[in-house]
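What follows is calculated from the coordinates using simple rules that are stated; it is not laboratory data. Keep in mind that what you see is a predicted model, and the values were worked out from it rather than measured. Neighbour counts are summed over all protein chains in view; Cβ atoms, including those assigned to glycine, are modelled from backbone coordinates with ideal geometry.
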Amino acid sequence: MVDYDLHIHSCFSDGVFEPEEIFDIAKKNGLKGLAITDHDTINALPLCEQLSIKYSLNFIPGIELSTEYNNMEIHILGYYLDYNNKELTSILEGMRLDRINRIKKMLLKLNTLGYDISLSDICNEPGADLYGNAIGRPHVARALIKKGYFRNMSEVFNSLLGDGKPAFVDRFKLNTVEGINLIKKYNGIPVLAHAGLIKIGEKQLDDLIKIFSNNGLMGLEIYHSEHREYISYYLTKLANKYKLLVTGGSDFHSPGSPNSSSKEISIGYRGVPELEVNRMKSFINKLREEKNGTI
Ligand code: AMP
Ligand code: ZN
Ligand code: FE
Ligand code: FE
């Protein structure tokens, strides 16, 4: 049973909904709680704290950090981190500004390739406000679709924006171990996101999770919209093997147009029962007590 969806993007990164719309849908879909996990930003979280009271939903602060390990893009979710911490906010602000510069470079490439698109076209997309939101390739993709160049997200990524494609520009990414440590430093629980999407074999995935666990990883995202059942089963075995917490979520970005497949994904499509959230909470409480030297 899904009580909590622990992986949702708002328009503070590349989702299309405002946090309030997300809370509203989560309530209608019968969830007990949710986590907003925007890419490289915690700017939505203070507002979410207020919304959780308004909608009587439990709220778990989150983030999804983009990191890199041996040339692989690895996403690390961070739960319960201190989102009011000034130092953390300023580190993430640097990453956000880098995203804006990178989008400008992508625009230059697109214009050279003959696409008539400007920064203001992109800023018309939800969440593409340059002052507080983490803009990314999906904003560019949506603007190109709106202009009639493409029919859907997959088409744009496959022909232009995907890694190594003609308009692709890389952006700054932390090393995965640095990312794990960053989340830990600000009292969060680092969790490996959608491990089933990493393009390596089962044995290499086991080795990778072993390395990350030895470097502070505390959880594994078992349930995800793009994880087939046998993948979740295999990941559960790895979570047991390395004594990792279990998390799950939809990775919802927008209605009807999920990341890379064609199935309809909604808020609460994937997630975890309350039991797993309680485990996370006791874990974080124990960590905090240890840090404060009270036990
Ligand atoms: P960025 O963070 O700007 O590099 O953009 C990465 C985001 O683009 C991912 O989190 C997905 O939301 C989206 N994305 C990546 N690949 C695809 C794809 N093939 N089709 C649709 N969306 C994608
Ligand atoms: Zn995304
Ligand atoms: Fe991700
Ligand atoms: Fe995500």
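Quick notes on this structure:
- The C-alpha radius of gyration of the stretch 122-207, expressed as a fraction of 2.2 N^0.38 Å, stands at 1.39.
- The ranking of ILE198, ILE183, ILE211, ILE122 from fewest to most other beta carbons within 10 Å of each one's beta carbon is ILE211, ILE198, ILE122, ILE183.
- For the stretch 115-267, the normalised intensity computed at q = 0.15, 0.16 Å⁻¹ comes to -0.97, -1.06 (log10 of I(q)/I(0), Debye sum over alpha carbons, equal scatterers, no solvent).
- Among the listed pairs LYS104/LYS146; LYS28/LYS286; LYS104/LYS210, those whose Cα-Cα separation exceeds 28 Å are LYS28/LYS286; LYS104/LYS210.
- Alpha-carbon Debye profile of the stretch 181-295, log10 I(q)/I(0) at 0.18 Å⁻¹: -0.98
- One way to sum up the overall shape of the chain is the equivalent ellipsoid from its Cα gyration tensor, whose semi-axes run 30, 21, 20 Å, largest first.
- Ellipticity estimate at 222 nm from DSSP helix runs (n ≥ 4, -39,500 (n - 2.57)) divided over the chain, nearest 500: -12500 deg cm²/dmol
- With neighbours defined as other Cβ atoms within 10 Å of a residue's Cβ, the residues ASP116, ASP82 order from fewest to most as ASP116, ASP82.
- Selection from TYR230, THR176, SER254 lying farthest towards where the dipole of the stretch 162-295 points positive, charges on Cβ: THR176
- Note on the stretch 1-121: Cα Rg divided by 2.2 N^0.38 Å, N the number of residues, gives 1.22.
- Trypsin sites (Lys or Arg not before Pro) within the stretch 175-228: DSSP coil, no more than 10 neighbouring Cβ in 10 Å: LYS199, ARG228
- Principal-axis tilt of helix 229-241 within the chain, Cα atoms, nearest 10 degrees: 40 degrees
- For the chain, share of DSSP beta bridges that run antiparallel, in % to the nearest 5: 40 percent
- Values of log10 I(q)/I(0), in the order q = 0.11, 0.16, 0.17, 0.21 Å⁻¹, for the stretch 53-157 under a Debye, Cα-only, solvent-free model: -0.47, -0.89, -0.96, -1.19
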